[in-house]
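What follows is a short report on a single structure.
The values are calculated or read from the model by the stated rules, or taken from the named source; none is laboratory data. Just so it is clear, the model here is predicted, and its values are computed rather than measured. Here Cβ is always computed from backbone atoms with ideal geometry, including for glycine, and neighbour counts include all displayed protein chains. For accessibility, only protein heavy atoms count, side chains too; no ligands or nucleic acids. Shrake-Rupley method; radii C 1.70, N 1.55, O 1.52, S 1.80 Å.
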Amino acid sequence: HDDLFVAGTIAESAFFLMVGELLYVPEEPCDFVFSVGSQSSIRVQQDNPVTAGMWLAEGALWAHWTHMGTATARLDSQVVEVNGALLGQILLAGRNGVSDLVAAYGHAFHQSIVRAHPPAAQHPDDIQVPFTEFGDLVSRMQPGIRIVVAEAALQMLDLQGGGWKLSNFVSRDISTESIKDKLLKEVSDGKSVIVPGACGEVERVVSIAVLELKDAEHRLLVQVGKLDDKGIHADCRLPAEKIKDGEDNEAYARLVSSKVSLPPETVKLVSTTQEVVQKDSDRYGIRTKYLRKIYRARFSGRLNMDPHEEGEISMDPLEEGDEREDGDEREEARPVRAHAHHVVVEEGGTRVYTWLGEADFQHLVSSAGAADLQTLVDEVAVRKRCI
């Protein structure tokens, strides 16, 4: 039960746990206040287990760092210590491609530390700094370094003798080299990054900004359809935008002003978090990690509306003559209310938004709600005379 470090002490090194387990306990909330500029807030205490493969106090390598909690060994453990000052000396002594990459990583990590305060991010501590996923950091590096990282990662696939799911491309007559060219073009354009994963695999990383906007009645602004010259198509989702070329909050501003076309002064950012979703890309045949940066905000204005402010459809009713089976927890049929639809016209099409309660949104975005969604979109289209 030895302490690796104690809250409130100056950190000179970062630590990587090789074997064993530690317990990290943030400082008591009544004793510790985190401040950035003029903003201050009290942290909430929560005990966190630290397992093999995790870093502690990595921020000490890239910033003046004070431990914000205490790390204590639960089991016999082996820890690698990396001293920040010595790492700096090594980087300055030998300028090469590797040192340039490490320096770029450190610069991006330092940016994340500086920005880690509400509402732009959660507060950092010794075991986490928001938005420091490796792919997230690489996306904020210079284009030349992003290409170098991508080429090195793709070369790993060749050395491993596999990794490409070429069966996905047989019918398209696309070669492995063509896939690589397309991936590198995407990296060059700032649309994604290609990085080596923690276990030697290769990952494509795409960063996405998502707007979770609620009104005074806690309803979500949800896109329910798209309109083009072929008609209106059901498409239920939160407003989202790809984060391009190392953007910080530019994607959020674009979501508000362009995607949903609202006056910025009517939207107040409350908090920002990140969710990670992983799946294989059908397009490229490579594992893709989607970093969803979720901007939670409050709307205080009023949408431009029709005189027809509301519509409703029945959701999941029991058919006449059906009996509710034991264990069937469905509620009686209730309407999905489409409050104050909002239309945004742009080049190439029109997006239709409406306010939905959380339960209605979760239903309509599911496969079970597909028919209800189409009915809702059709009714909105009639009201707006979109068709």
Note to self: Quick query: amide H of I127 versus all other amide H atoms, modeled in the peptide plane; which residues come in under 5 Å with a sequence gap of 5 or more or a different chain?
What the structure shows: A57
Check: Where in segment 177-208 does the label zone of V270 land, with the point 7 angstrom along Cα→C-beta and an amide N cut-off under 12 Å?
Finding: none
Next item on the list: Would you mind checking which residues have amide H under 5 Å from S271's amide H? H placed 1.01 Å from N; only 5 or more apart, or other chain.
Entry: R296
Note to self: Could you compute how much accessible surface H363 exposes when probed at 1.4 Å, giving the result in Å² to the nearest 10?
What the structure shows: 30 Å²
Note to self: Can you sort V25, V267 by solvent-accessible area, 1.4 Å probe, largest first?
What the structure shows: V25, V267
Notebook entry, point to check: Kirkwood hydrodynamic radius for segment 40-114: how many Å is it when counted over pairs of different Cα atoms?
Noted result: 14.8 Å
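Could you sort S300, S77 by their accessible area in this structure, using a 1.4 Å probe and putting the largest first?
Heavy-atom accessible area, descending, gives S300, S77.
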Note to self: For a test of the definition: using alpha carbon positions, the gyration tensor, and the 1.5 limit on a/c, classify segment 171-308 as rounded, prolate or oblate.
What the structure shows: prolate
Check: What number comes out for the charge environment of E21, summing +1 per Lys or Arg and -1 per Asp or Glu over other residues with Cβ under 15 Å away?
Finding: -3
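What pairs in K185/K214; K180/K230; K259/K279; K182/K214; K230/K268; K180/K268 have C-alpha atoms more than 32 Å from each other? Spell out each step's value before the answer.
Working: K185/K214 37 Å; K180/K230 35 Å; K259/K279 26 Å; K182/K214 38 Å; K230/K268 36 Å; K180/K268 41 Å.
Long pairs (Cα-Cα over 32 Å): K185/K214; K180/K230; K182/K214; K230/K268; K180/K268.
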Next item on the list: Taking H placed 1.01 Å from N in the peptide plane, check which residues at least 5 places from V79 or on another chain put their amide H under 5 Å from its amide H.
Entry: M18
Checklist line | Charge tally in the Cβ shell below 11 Å around C236, where Lys, Arg are +1 and Asp, Glu are -1, C236 excluded | finding: -1
